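The structure appears right after this line, and notes come after that.
The values are calculated or read from the model by the stated rules, or taken from the named source; none is laboratory data. Bear in mind the structure is a predicted one, so any value in this text is a computation, not a measurement. Reconstructed Cβ throughout: ideal geometry from the backbone, glycine too, with neighbour counts over all protein chains shown. Please note that ligands, DNA and RNA were not included when accessible areas were found on the heavy atoms of the full protein model with its side chains. Shrake-Rupley method; radii C 1.70, N 1.55, O 1.52, S 1.80 Å.
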Amino acid sequence: MIRPRFFPKNLLPTPEQQAIQCAQQRISLIEANAGAAKTTTLALRIGEALTRGLAPEQILGLVFTPEALEVLQQRLLELGVALAVVRRLALYRVEDFAQQVLTYWEEQEPPRMTQIHALQPMMLEAQEMLSQRYAHREEFYLEIRSHHVALSQFYQSQLRLKARMDLRLDEDEDLFEKAALAGVTVTDFLWAQQYERLRQSPYEGVLFRGPFDATYDLACALLDQPELLAHIPVYRVIVVDELHDANEAAFQILRALMSRQQSYLVAAGDKDQVIHQDLAAEATYLYERFAAYFDSIARYPLSQTYRHGPYLAYAAGAFKKKRVESALPLATQIHVHPYAMTGAAMSTPLVQAIQLWVQQGGTLAACAVLLRDTHQSVAIENALMAANIPYRLEGMVGYLQRDEILFLRALLALALKDYGEVNLDLRRQMLRALVLFFEIDILPSEFEEVVEDLLVSPQLLPVFLRYQVKKTSSIKNVSRLEKILALAQSSAPHHMAFDFLNEAVAIMDTVHTAKRLYVLEHQAQVIQKSIDAFMDLASQQQSDLHGLYQWCIDREKINQQPVALHLSCVAQAKGKEFEHVLLPFLAQGEFPSAQSPALIEQNLFYVAITRAQKRLSLFVPDKAHWVSDYVAAMSLEQVKPLAQQRLQQLRVEAQQAQKGAPTVREPQAVYKTPRIDLVVPFAEKDQAKQRGARWDPVKRVWYVPAGGDPSRFERWLKAPR
Ligand SMILES: Nc1ncnc2c1ncn2[C@@H]1O[C@H](COP(=O)(O)OP(=O)(O)OP(=O)(O)O)[C@@H](O)[C@H]1O
């Protein structure tokens with residue numbers, strides 16, 4: 001094996017890591033467990049390429065999510081690559097890379113639309129064209145619906161079709177089969193084709209781009225016109241992290257880049273972390289798809305996790321029925337806390353576990369509460385708020401700003417005849433929620449006009465609703481609205497909020513309305529659970545209509561604080577690590593969710609538990625038959641003795657290593673006489689150079705080469721820490 005030349009700060013690479021660091025094959029693929037140092041090793045590979053003289057600009061680092069990009073940059077810095085060098089590396093999310101390439105090619109950059117609502121007019125226009133085009137083709141059973149949930153459903157479908165590169169229909173392909181295979185409705189399939197015709201004019205080129213469109217456009221361009229590749233810079237080393245997030249469009253870009261013989265690729269992923277099925281991510285990109293195009297692929301292992309100690313490693317292995325080893329002599333703890341399944345008591349143990357962590361010296365910033373779904377944040381946010389524990393939400397809005405809760409708040413406003421008192425933004429959001437739940441079909445421009453009108457005359461809200469529901473919604477909704485308005489009319493501010501909402505929710509039949517609106521079974525269930533959680537809150541608070549309404553407004557004013565606990569869904573924590581991870585609501589039907597594929601649920605749970613370094617806290621119902629099967633699948637009691645043995649062994653090894661005794665991990669030849677980094681002021685650099693110091697362009701430091709005599713450099717030696 002070639003010897004490494006890049007020696008990182010703060011870390012001793014294992015022989016496995018060194019093998020990847022110095023890999024010489026054109027394509028090197030790493031499939032390894034969570035926390036087995038994939039990102040770190042890719043960062044080592046970059047460090048090695050830099051040390052061997054590649055310019056940072058010749059190295060391309062690709063990932064799929066902003067979180068993964070953040071982690072890769074962080075690992076490079078941790079290993080000692082200087083910030084100035086990290087900034088010059090071509091590190092991108094695949095989508096941003098594609099965008100950058102396209103910008104370079106295109107004479108005029110088409111507008112980028114990152115928000116789904118900005119795409120709405122085009123989606124509606126495409127839908128209009130679709131309904132005209134297929135007006136007489138009954139065999140397609142097109143469902144033309146334009147409320148914003150139907151639009152967001154369509155939006156997801158077109159993302160998926162493009163991610164799979166499945167939008168084109170060859171002559172011998174069957175439309176119904178292709179749509180079913182891609183997991184979208186026939187309406188959405190045809191609508192997506194129409195939308196693409198609108199987005200890509202044959203004469204003017206691409207007219208606008210939404211999220212992930214750049215990846216699709218670049219993949220199509222490189223497939224249709226391979227000669228365009230000549231206009232992309234040649235990257236000598238390409239590293240790809242979180243390869244389990246790859247889809248066909250991203251893969252086609254990688255394939256094209258790797259068709260150049262000068263390029264070398266190292267990519268890493270974990271088949272058990274495939275969770276973005278909505279974006280057509282699949283485990284086949286960890287090997288099979290590469291094997292279909294390239295002959296010589298080297299596969300490398302990283303067989304031990306460095307994130308947590310053996311106990312969690314073995315529990316994660318038992319859960320996934322695979323071998324997981326830890327190399328950390330760390331007694332990672334796993335605590336199981338029962339919770340009562342009623343009311344506010346559900347979150348009490350969670351709050352106590354956070355408080356205990358802080359009392360024991362842990363920080364809130366090192367703590368993460370990871371949820372299966374957004375609805376769970378209703379109870380958690382309330383509990384954290386009540387206990388004065390600051391939290392920051394990642395990848396989701398607070399529950400009070402979600403459609404279904406805004407709808408309930410709008411009903412309270414109707415009952416209080418108070419729509420005019422709140423700020424414009426909230427008014428707009430509540431109106432949007434009413435439009436959604438009463439299934440009113442209104443164009444965005446008309447909607448804005450109504451918002452303006454109601455600004456002047458808020459008392460006209462019931463009039464607007466009556467008019468619009470009659471005009472565009474179903475007879476059932478007309479009758480529902482009348483009942484709701486009558487209920488609101490007969491309610492006084494001092495009436496109990498829970499009683500009012502309970503009746504209103506029954507009138508609206510939210511269970512079925514959510515199913516109709518949100519189409520996807522899982523999403524509909526999350527919406528209903530959110531409503532139930534808010535109703536629980538109303539019942540616990542025992543407050544009147546005015547009290548609950550005002551409480552929601554006051555709660556929104558509380559700002560998020562910077563040093564705070566991390567609160568997100570599991571998916572947003574992938575790639576990250578936290579000292580203490582807390583997983584609430586591990587109950588049957590919650591995690592795993594019955595509505596999502598079993599494998600994705602397992603992968604999500606595996607991602608969740610493997611984020612923890614020092615402590616994992618699992619919260620389970622106090623009734624045994626309600627506890628999620630996943631907890632038992634971790635075999636916590638069975639793996640304990642084995643984990644203790646392994647921990648003991650790792651501790652002995654660590655002690656020996658401290659005493660200088662050789663360990664298996666230590667590559668003697670490389671580390672016997674390590675180099676010494678110096679602190680040389682700019683003005684003294686020539687002197688240092690004369691005495692034999694060398695300049696490291698990667699870490700941007702002067703150093704005494706391995707085997708050199710440090711006494712010649714005493715004045716520049718770092719003070720011992
Ligand atoms: N040789 C090593 N010695 C000690 N710790 C290491 C070593 N290599 C990596 N680590 C540490 O292991 C932890 C996990 O590393 P990393 O994030 O690279 O894993 P990963 O496989 O990319 O994780 P994930 O599967 O979650 O994406 C980090 O805290 C990292 O600093």
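In this structure, is residue 35 assigned to a loop (DSSP other than H, G, I, E, B), within 16 Å of the ligand (Cβ to nearest atom) and either open to solvent by 10 Å² or more (accessible area, probe 1.4 Å) or modelled with pLDDT of 95 or more (or both)?
Yes: the conditions hold for residue 35.
Within the stretch 79-107, count every residue that is of a type in the set (Val, Ile, Thr) and either on the phi > 0 side of the Ramachandran plot or within 16 Å of the ligand (Cβ to nearest atom) (or both).
Residues of the stretch 79-107 that are of a type in the set (Val, Ile, Thr), as a first pass: 81, 85-86, 94, 101, 103.
This time we only want the ones that are either on the phi > 0 side of the Ramachandran plot or within 16 Å of the ligand (Cβ to nearest atom) (or both), so: 81, 86.
Going through the stretch 79-107 one residue at a time, the tally reaches 2.
Conditions tested, residue by residue: (1) in contact with a Leu (Cβ under 8 Å, 6 or more places away or on another chain); (2) closer than 23 Å to residue 257 by Cβ.
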{"site": "10", "(1), (2)": "yes, no"}
{"site": "23", "(1), (2)": "no, yes"}
{"site": "27", "(1), (2)": "yes, yes"}
{"site": "36", "(1), (2)": "yes, no"}
{"site": "43", "(1), (2)": "yes, yes"}
{"site": "47", "(1), (2)": "yes, yes"}
{"site": "58", "(1), (2)": "no, yes"}
{"site": "63", "(1), (2)": "yes, yes"}
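List the number of the failed condition for residue 1; all other conditions in (1) closer than 28 Å to residue 278 by Cα; (2) more than 15 Å from the ligand (Cβ to nearest atom) hold.
Checking residue 1 against (1) closer than 28 Å to residue 278 by Cα; (2) more than 15 Å from the ligand (Cβ to nearest atom), the one that fails is (1).
Within the stretch 570-594, track down each residue that is within 15 Å of the ligand (Cβ to nearest atom) and in a strand (DSSP E or B).
578, 579, 580, 581
Considering the stretch 258-275 alone, what residues qualify as being within 14 Å of the ligand (Cβ to nearest atom), over 11 Å from residue 238 (Cα atoms) and outside any helix (DSSP H, G or I)?
Within the stretch 258-275, 268, 269, 270, 274, 275 qualify.
Inside the stretch 43-116, counting only helices (runs of 4 or more DSSP H) that do not spill past its ends, which hold 2 or more residues that are within 24 Å of residue 213 (Cα to Cα)?
Helices (runs of 4 or more DSSP H) meeting the threshold: 66-78, 94-105.
For (1) in a loop (DSSP other than H, G, I, E, B); (2) open to solvent by 40 Å² or more (accessible area, probe 1.4 Å), each residue gets a yes or a no:
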{"site": "292", "(1), (2)": "no, yes"}
{"site": "314", "(1), (2)": "no, no"}
{"site": "344", "(1), (2)": "no, yes"}
{"site": "348", "(1), (2)": "no, yes"}
{"site": "361", "(1), (2)": "yes, yes"}
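Looking at the stretch 19-28, can you tell me whether even one residue there is in contact (Cβ under 8 Å) with a residue 60 or more places away in the chain, under 23 Å from residue 574 (Cα atoms), among the β-branched types (Val, Ile, Thr) and within 14 Å of the ligand (Cβ to nearest atom)?
Yes, there is a match, as at least one residue in the stretch 19-28 is in contact (Cβ under 8 Å) with a residue 60 or more places away in the chain, under 23 Å from residue 574 (Cα atoms), among the β-branched types (Val, Ile, Thr) and within 14 Å of the ligand (Cβ to nearest atom).
Of the numbered conditions (1) open to solvent by less than 20 Å² (accessible area, probe 1.4 Å); (2) within 27 Å of the chain's Cα centre (by Cα), residue 557 satisfies every one except a single condition; which is it?
In the conditions (1) open to solvent by less than 20 Å² (accessible area, probe 1.4 Å); (2) within 27 Å of the chain's Cα centre (by Cα), residue 557 misses (1) alone.
Could you tell me how many of the residues in the stretch 40-78 are free of Cβ contacts under 8 Å to residues at least 24 places away in the same chain, more than 15 Å from the ligand (Cβ to nearest atom) and among the polar types (S, T, N, Q)?
0
Do we have residue 195 as open to solvent by 80 Å² or more (accessible area, probe 1.4 Å), more than 26 Å from the chain's Cα centre (by Cα) and either hydroxyl-bearing (Ser, Thr, Tyr) or under 15 Å from residue 116 (Cα atoms) (or both) here?
Here the answer is no, as residue 195 does not meet what is asked.
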